[in-house]
Amino acid sequence: MLSPGKTVSSRLLRPALWLPFRLCPARTAVSLMQKELIKKRELEKDELRPLYMDFQATTPMDPRVLDAMLPYQVNYYGNPHSRTHAYGWESETAMETARKQVASLIGADPREIIFTSGATESNNMAIKGVARFYQAKKRHVITTQTEHKCVLDSCRILEAEGFNVTYLPVQKNGLLDLKLLEATICPETSLVSVMTINNEIGVKQPIKEIGQICRSKGVFFHTDAAQAVGKIPISVSDWKVDLMSISGHKIYGPKGVGALYVQRRPRVRLEPLQNGGGQERGLRSGTVPTPLAVGLGAACSVAQEEMEYDHQRVSMLANRLVQKIMTEIPDVVMNGDPEERYPGCINLSFAYVEGESLLMALKDVALSSGSACTSASLEPSYVLRAIGADEDLAHSSIRFGIGRFTTEEEVDYTAEKCIQQVHRLREMSPLWEMVQEGIDLKSIKWTQH
């Protein structure tokens, strides 16, 4: 029941620190300016830095990785492709050791590892490279609507070149329908690209089953495993993966380095994106940066040793965070499948709270409202829209990232602060007050003046 003298419009028109869910261009521009101003002021303050809870965006470098890299930054600085003196030989030895370490983590042959500048380059190489090499006979590529932006943009480039690309929808839990995939593959299909673990909602796709379908149909299978390598056990042969993208800075290694696994038997052919000296089997010309390659190798080695312990600890901390928040706050939705997921990536939607407002309120905790590659946009996440989330819930989502160096105290502080700020913001929301009085918001016909 509406209390005397109050109407729906009077509540919505009163002053409140509540952003409408559909932002007009002018308001978007103002919001972005406010965001930049807040960012500048925060950086100028001489205060303690916020807690870090954004491990899907990047990870701090493990000190053991830095220790492995330092000698190759200062003393062993030879070009690994110089074959005529000791400086080159020692750098080449270090590079090949790193290649073995990366290969060991995913159950590959070291000769199948191509060093790149990161997962974005690896994804571009795999998708464009395979499609272009086999374009004389096959001009169809399949991917999903929830892939990383670099995969989607690579596919759009192919479309501009005349390729046919199918963007498969996912189910409400974020998982791909395998029957739909199988039905979509046709004789023209050269490549299927599906990410292993989603960077926004943490959903883990059935990669092994997808690999079996692709192998039975004679189609190459690429997976973006940037969020999965070093966190879950991977075997490229068991999974029947033909190409796999790897990122250094997602596994406590250095930024600016990654790798692409390219299967040798049966051989996968790629058209290289860049040409030059023919390094990396002719697929990625350019001098391999030895310190970065060593860092990636060391990060993979550490991850292989500590994967089981890390996974148990991250699972414990994630459960602790989710239970604390969901026990104290009603109307919270966890996005993505509750079982088939990586526990360290938690995406929660807080109904009747604007996500950007909550992020600003939680300024002493480093969090994200989605992918770091698209977080400058105030548009709702395309991943959440793809799983069918209501637009208001998509706007109210926060991604919590837990990793190797997260402590119990940080999790408890984040949960308590989140609970406190959600309650505060809801008290200022006219929608929350209406819901409390039993009004069904979906039954209201909104009008614009």
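The values are calculated or read from the model by the stated rules, or taken from the named source; none is laboratory data. Note that the structure is predicted; figures quoted are calculated from it, not measured. Because the Cβ atoms are built from the backbone with ideal geometry, glycine has one as well, and the counts that use them run over all protein chains shown. Ligands, DNA and RNA are stripped out before the accessible areas are found, and what is left, the full protein with its side chains, is counted by its heavy atoms. Shrake-Rupley method; radii C 1.70, N 1.55, O 1.52, S 1.80 Å.
Data table
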{"quantity": "Relative contact order computed over the range 155-305 (Cα-Cα under 8 Å; 6+ residues apart), in percent", "calculated": "15 percent"}
{"quantity": "Apportionment of accessible area to carbon and sulfur, the range 133-223, percent (1.4 Å)", "calculated": "54 percent"}
{"quantity": "Label-point separation in nm, SER285 to LYS442, each point 7 Å along Cα→Cβ", "calculated": "5.8 nm"}
{"quantity": "√(5λ) per eigenvalue of the Cα gyration tensor, the range 262-308, largest first, Å", "calculated": "26, 17, 7"}
{"quantity": "Relative contact order computed over the chain (Cα-Cα under 8 Å; 6+ residues apart), in percent", "calculated": "22 percent"}
{"quantity": "Residue-span extension gain [THR184 to GLU159] - 0.36 nm each, minus C-alpha spacing", "calculated": "7.3 nm"}
{"quantity": "For the range 117-210, Kirkwood radius (reciprocal of mean inverse C-alpha pair distance, Å)", "calculated": "13.6 Å"}
{"quantity": "DSSP-defined beta bridges in the chain - what % are antiparallel, rounded to 5", "calculated": "55 percent"}
{"quantity": "The range 179-237, dipole about Cα centre (Lys/Arg Cβ +1, Asp/Glu Cβ -1), debye to the nearest 20", "calculated": "200 debye"}
{"quantity": "Calculated over the range 71-184: convex hull of Cα atoms, volume per residue (Å³)", "calculated": "175 Å³"}
{"quantity": "Reciprocal mean inverse distance between Cα atoms of the range 287-432 - Kirkwood radius, Å", "calculated": "16.7 Å"}
{"quantity": "Where labels lie 7 Å past Cα in the beta-carbon direction, separation of MET307 and MET326 in nm", "calculated": "2.7 nm"}
{"quantity": "Of LYS138/LYS208; LYS128/LYS208; LYS204/LYS240; LYS179/LYS231, pairs whose Cα-Cα distance is over 26 Å", "calculated": "LYS179/LYS231"}
{"quantity": "In sequence order, calculated HN-Hα J values of the range 397-405 (Karplus, 6.51, -1.76, 1.60; Hz; x Gly/Pro)", "calculated": "8, 10, 9, 9, x, 10, x, 4, 9"}
{"quantity": "Accessible area per residue, Å², the range 83-241 with all protein chains present, probe 1.4 Å", "calculated": "38 Å²"}
{"quantity": "Cα-based Rg and Dmax for the range 71-128, where Dmax is the largest Cα-Cα distance (Å)", "calculated": "13.5, 38"}
{"quantity": "For the range 379-449, accessible area per residue (1.4 Å probe, heavy atoms of protein chains only), Å²", "calculated": "50 Å²"}
{"quantity": "Coarse-grained scattering of the chain at q = 0.08, 0.14 Å⁻¹, given as base-10 log I(q)/I(0) from a Debye sum over alpha-carbon atoms", "calculated": "-0.51, -1.32"}
{"quantity": "Over the range 227-346: Rg over Rh, Cα atoms, Kirkwood Rh", "calculated": "1.08"}
{"quantity": "Sites ILE419 and TRP89, calculated FRET efficiency, Cβ-Cβ separation with R0 56 Å, nearest 0.05", "calculated": "0.45"}
{"quantity": "Mean Cβ neighbour count within 10 Å, used as a protection proxy, ranking 189-195, 337-343 highest first", "calculated": "189-195, 337-343"}
{"quantity": "For the chain, built as a Gaussian network whose Cα springs stay under 10 Å, the top-fluctuating residue of GLU182, GLU271, GLU112", "calculated": "GLU182"}
